[in-house]
Structure formats: C-alpha cells, structure tokens
1. Just to verify a result, which residue in segment 307-332, among those that are closer than 30 Å to W624 by Cα and assigned to a loop (DSSP other than H, G, I, E, B), is farthest from the chain's Cα centre (by Cα)?
2. Can you find a residue in segment 132-139 that is buried (at least 19 other Cβ atoms within 10 Å of the Cβ) and at pLDDT 95 or above?
3. Check segment 250-271 and report whether any residue there is acidic (D, E) and surrounded by fewer than 18 Cβ atoms within 10 Å (Cβ to Cβ).
4. Tell me, please, whether a residue that is closer than 23 Å to G533 by Cβ and open to solvent by 10 Å² or more (accessible area, probe 1.4 Å) can be found in segment 583-601.
5. On the basis of being open to solvent by less than 50 Å² (accessible area, probe 1.4 Å), touching a residue at least 24 places away in the same chain (Cβ under 8 Å), in a loop (DSSP other than H, G, I, E, B) and not hydroxyl-bearing (S, T, Y), does F153 make the cut?
6. Could you grab me the full set of residues in segment 531-549 that are touching a helix residue (DSSP H, G or I) at 6+ places or on another chain (Cβ under 8 Å), in a loop (DSSP other than H, G, I, E, B) and on the phi < 0 side of the Ramachandran plot?
7. Just a yes or no: is a residue in segment 299-306 over 27 Å from the mean Cα position of the chain (by Cα) and surrounded by fewer than 22 Cβ atoms within 10 Å (Cβ to Cβ)?
Amino acid sequence: MTTAAVVPPLAAKKPVERLHHSDLFTDDYEWLRDKESPEVLAHLEAENAYTDARTARLAPLREQLFDEIKARTRETDLSVPVREGRWWYYTRTVEGQEYGIHCRAPISGPDDWAPPILDPEAVDAGTSGTVRAGLPGEQVLLDDNAEAAGHEFYALGSFDVSADATRLLYAVDTEGDERYTIRVRDLTTGENLADEITDTGEDALFEPSGRYLFYTTVDEAWRPDTVWRHEIGTDPSSDAQVFHEPDDRFWVGIGLTRSRKYLLIEAGSSVTTETRLLDTSDPTGEFAIVWQRRDGVEYDVEHAVLAGEDRLLVVHNDQAVNFELVDVAAGDPHGPRRMLLPHDESVRLEGVDAFRDFVIAEYRRDGLTQVAIASLGTEAEASAATADAARPLTFTELAFDEPLFTAGTGANPEWEQPTIRFGYTSFVTPSTVYDLVVATGERRLLKQQTVLGAYDPARYEQRREWATAADGTRVPISLVYRSDLVTPGEPAPTLLYGYGSYEISIDPTFSIARLSLLDRGLVYAIAHVRGGGELGRLWYEHGKELEKRNSFTDFIDCAHHLIDAGLTAPDRLVAEGRSAGGLLMGAVANLAPELFSGILAGVPFVDPLTSILDPSLPLTVIEWDEWGDPLHDPEVYAYIKSYSPVENVRDTHYPRILAVTSLNDTRVLYVEPAKWVAHLREVGADVLLKTEMSAGHGGVSGRYARWREIAFDNAWILDAAGVHPLP
C-alpha cells in the first residue's frame, strides 16, 4: 500500500459560472465531465486506488461474502421452460461461466402445456466439450458466453424468435452505454445473416410474417425517438422510418399484442402516453392513433376478442387517478367506451393481460401486489352475447398467506394457452414459479429458487412497521431479520433502503446475498417513501416535482421511527439508495447526517440541477415531467437547488459515505458522484468513490463479477453498521 493511495485525492478547482433566473452559481468541478480527458481518468483511477487502500482490510470479509453467495447458489441451473409455438424456450447456466445459454426443445404435441421439469444435475459435458442439458432435442439458440468473449462488458437486449421459429433476433451492448447492435441468426444453420444494425435502442422484434423486423434508435440525448422497419436480407441503410417523435419529453417503444394481430408503437412521457396501432396483416401500412395524447393522461392497450368482436382493452387514468379498465372497438377506438373494471381509490390498477379465454389484472392494495383472473366465458357464451353490451368481468384474486410478498405474472406469450405462469416471492420465500390452470384454479408448483446449504425460512421474520411523517402521513416500512439474532428492545445493526421516484415500487423479494447480512444479525428494512408507487398514484404524485422533499423527509421519519422504537440506533444504522434513490441518499446526508453511521449511494443522481438544466444531456428533457423544468421555471429552479446534494454540502459531521458509479453510465453520468465526493472532501467528510471503468448504469456484467460487486458493497455496509468492527 503506497502512502499516496491512503491520502484522499483532491480534485482541482476550475471554476465555471452558471447563470439562471438571476442566480449565479460557481461550479468548481464541472471539468470532471470530460471522460475522454486523461486528467479526469487519472483522477478517477486515483479515487479507485484510494478506495482500494481504505477498504483493503475488508478483503477477507469480501471474499467470505462472495464465497457464501457462491456456496448458496446452484451455479448449474435451468429456468422453467416457456412454450411458444412448437417449442419450449428456456435459459440455463453452467458452473464457472458468467452468462446464460438460451435454448429450446420441441413440444411433444399441440396439447403439451406442462413444461418439462429439467433436472440441473443431468447437465453433463458433451463429446465435443460443450455443455449440454438432458432435455431431448435441445437446440442452443445463443450462448452469451461466446458472444461476450473478448469484451469487458456484455449485456443482452432484445431477444425474439420469428413466428415460424426459423430466425432469431438478438441485440447486444458491449460498452454499457445501452446502445445495441442487432443481429439475425438462421436457426436452421446456426449462422448469422448479413443483417446487422448498429447503434439501436433497446426495443426490437419480428412482425408475425418474419419478413420484417422493427426496432428503435435513440437521439443524441439517448432518447429512443424513432421506429424503423427492416426487411430481412436488405441493406439496413435502406430501412424505412416508420415513426419519429419530435417532442423531447417523449420516448418511443415498439410492441406486439399477444394475439399477434396488432403491432403497437407507444410514445410516452412520465405523465402522458399515445399509442399507435397497425394490423399485422399489412406490416408496411400506416399506424393509426388509438387515443390522441392529452397532457396528464396515460393509457395502455391490449387486444381481446369479446362477444366475437375485436376490442381494445384500455387501462387509463382519464378522470381515474388510480386507473380503470374500459374497452373500445378496435376498428373505432374513438367510439364509445364500455366500463369493465371501474376506478377504486384504494386500488392502483397497474395493467391487464388479455388472452383468448381470460383476462389477468395486476394491481396494488395496501402496498402489496395482487393478481386476479377473469374468464371471458365459452365460445357459445361469447356468440350469444350482444356486441353493444360489455361482458361482465368478474375477477378472482389469487390468495397468498404471508404478511409481505410480491406476486406477478411471468412469461405468457401464447394467445390460446390454458394456463397462466406467475411468480411469487417474499423476504423469506425464494423466487417461486407456478402454473395456474385457469379452468380449475389448480396451482402447479414448477420451480423454487434453490438455496444450497441449511437455509431454514422459519429462522427469519418479516413484518411491516408504519412511521408517521411530520404532516401526519403514515409511511410503510418492510423489515426482515433473523429472529434468533435480533432481541426486541436492543438496537440492532440495520440497513434502511429507499428509492422513491418514478412511481417505482420497492417490493419485498428474496435475495441469496442478503442472507449473509441477516445471518450476521443485521436487520434489512425498506422505507416505502412517497414518490414510489406502493400506495397508489397519489403516493407518487406527492413525492415528485414541487413535493419532492416528501421523499427525503419520509425516509428521515422512517429512520426516526426505527430508532425511537428501539430497533436500531444512529451508530449502527446504514442507509442505501441507487440511481434516483442515490439522490435520496445525498439529500438525507445533508438533512440528517446524525441519524446514520454510513450511507451507500449507487450510481447516484446527486447533481440534479446541473443535469436537468441542460437539454443536451442524456434524457434530460424527459425528466422535466418528474422533477419540474428549472430551465424555464424559476420556482422549480429554486426548489431543486434547495435540495440538490452537490449544492447543499455543508460543514458538518457526515457519516461515512461510499459512492459507486460506472464510467459508461448514460442514465446518471459518473460526473455527478465525482463532483459530490469532491465537495464532501472540502468539508472533511470520510467519503469513498468507486468507479467501474467498463460498466453502465446496472454495474458490471457477468454473474461472478456481479457477486463480487455485491460482496464489496455488503462488506462496507457491515463494517459501517458495526457488525465488522473497525481495527
């Protein structure tokens, strides 16, 4: 360990002035934005060296945590096969390999809806040295390990097989910047076609004939803004532009209804959507608008056949804040709406999935996910119904017996399937996959995530607490811990996680890596703060724009609740948040540093005002619906400046802080945490910056590399919580 490595790097000050709404701000560290600069790269490497030196003593603990994750994980494993057409599709992993292998095997006949149960222990080495599974007729479609060879980063984006099952479309990102290269593989020969399309967005798919594929591209601000049509076998330079979205607030995506009757283009901002529809019998035709966009109105579209008529099921929030379900004629979507599932102030309807014989609704009640199914009746009943009357949809909710859980539908690609694939998990129940036979209600357990070793869920307790915010709002907290290691009334080391943006909910799910924390006596808690979607649309609305501070104060009030209840104490309470949750961490660090012994901020959005003021930066204009528009609105400017972590660092005693970022992240640029750390160093804070030099917003790729990244973070958390004492 060199002396230089243990001295914190100090970024040079190179003042740049920013003037908006008569407010002059001097930014000393904006120069760190140039990631091509040798000086910037040298600074980031110096920060990494300092972090390595400061955390070197945790290396044995990191290795132990990595080994525990590895020992509990079945490394050679197989997913539950999903039927599509004449094939079962699945992915398997092999011990020692970083990535998955995507495979398929033929169904036994048209009535074969029971997925074959694959025994991971049956995987063996083939005569050619390749690894194969024991499923008869297996065909390897794509080996991500082979695709990733020679790349420091690899991520698979779109993956789609043509309806006739002869071609595979797949998209890869080898930089971490979420720009993809689309390739097409002939599945009869295993060879790639000449069709290769570079610099695309995330969405790509075949239309049913397989003659064309549709894909998106992004603009200079990384916004998916254009949909293209490519004819297989032609030069991509001649691809047809199908749709372009000129409004910088909107992104675009391409989809296909489960019935395969319609292609969909959705243009959406944070608060408004507009969907276009095209009958797949004419893939080169013009898309028609379902409902014209209206500011503040969001809707999703599904195709269904009701009473023998093509209908569009529309989940929308037009005069229905928590959304409701109506249907309209597919041939006249602007015509009369028929109510199928009315608005409920206590239930947030999140979406529906339509099949030939039934409809699935997914929603939230009391902060928990729910799944319900409604039958569309028999063919005779459908023919007897009148087209001008809505068929009553009576939904039957699936029941679960744990106090905290997460349930949702899985992969269900077939229009005529008689079963529904759904997933279930909780803090203590490993990820579980079921098939539900709709006609009988029978649940078939297909697979539960294997936890190797002596895992006993009965040793862990999960429950919910409610904190009271300063304005009287009750904020839910979900907790899990090992009951034999946590004594009521004795403060325990605790990790409090939060997010609170974009109506994204942080639900109770199982984690093998988390067991290593719980087994060391740490309590894991989630603060379901406003800005998320746990308690409905208004829960989100009251934590965004000019009410964003509610997210921060809710988190602080949750911390106070845990401390006041004797569950933990400030000297053993660590906070964690990532991305927009990293903004939460930065704000909380400034507002209530005395409540925490450590704060971990992953890819943190900690310089929001600088970013949201610059429309040329990736995704900035899209963000105005979430945070407000400080460029044109002085009130929004002043409000964001009042909580921006970078601009509110003060001379106080901060807890230990670890900021983790990625050089190629296009969602939250590495410069934000780099500037934040530089400001914190000015006031003497004990802060570390760790930059992955070959990764994107999601961190490193490859499962073993990811486990090591998790082990690094968790070792730091345990140390900051006092579980692994300082020397």
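The values are calculated or read from the model by the stated rules, or taken from the named source; none is laboratory data. As the structure is a computational prediction, the values presented were derived from the model and not from experiment. Methodologically, a virtual Cβ is constructed for each residue, glycine included, from the backbone with ideal geometry; neighbour enumeration extends over all protein chains shown. Protein only, heavy atoms only, side chains kept; ligands, DNA and RNA dropped before computing areas. Shrake-Rupley method; radii C 1.70, N 1.55, O 1.52, S 1.80 Å.
1. Q319
2. Scanning segment 132-139, I find no residue that is buried (at least 19 other Cβ atoms within 10 Å of the Cβ) and at pLDDT 95 or above, so the answer is no.
3. So far as segment 250-271 goes, no, none of its residues is acidic (D, E) and surrounded by fewer than 18 Cβ atoms within 10 Å (Cβ to Cβ).
4. Within segment 583-601 (the criterion being closer than 23 Å to G533 by Cβ and open to solvent by 10 Å² or more (accessible area, probe 1.4 Å)), the answer is no, since none of the residues qualifies.
5. When the stated conditions are applied, F153 passes them.
6. G533, H542, G543, K544, K548
7. yes
Here's the yes/no breakdown for (1) among the aliphatic types (A, V, I, L, M); (2) out of contact with any Gly (no Cβ under 7 Å at 6 or more places or on another chain):
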| residue | (1), (2) |
| --- | --- |
| M585 | yes, no |
| A589 | yes, yes |
| P593 | no, yes |
| F596 | no, yes |
| A601 | yes, no |
| T610 | no, yes |
| L613 | yes, yes |
| L617 | yes, yes |
| D625 | no, yes |
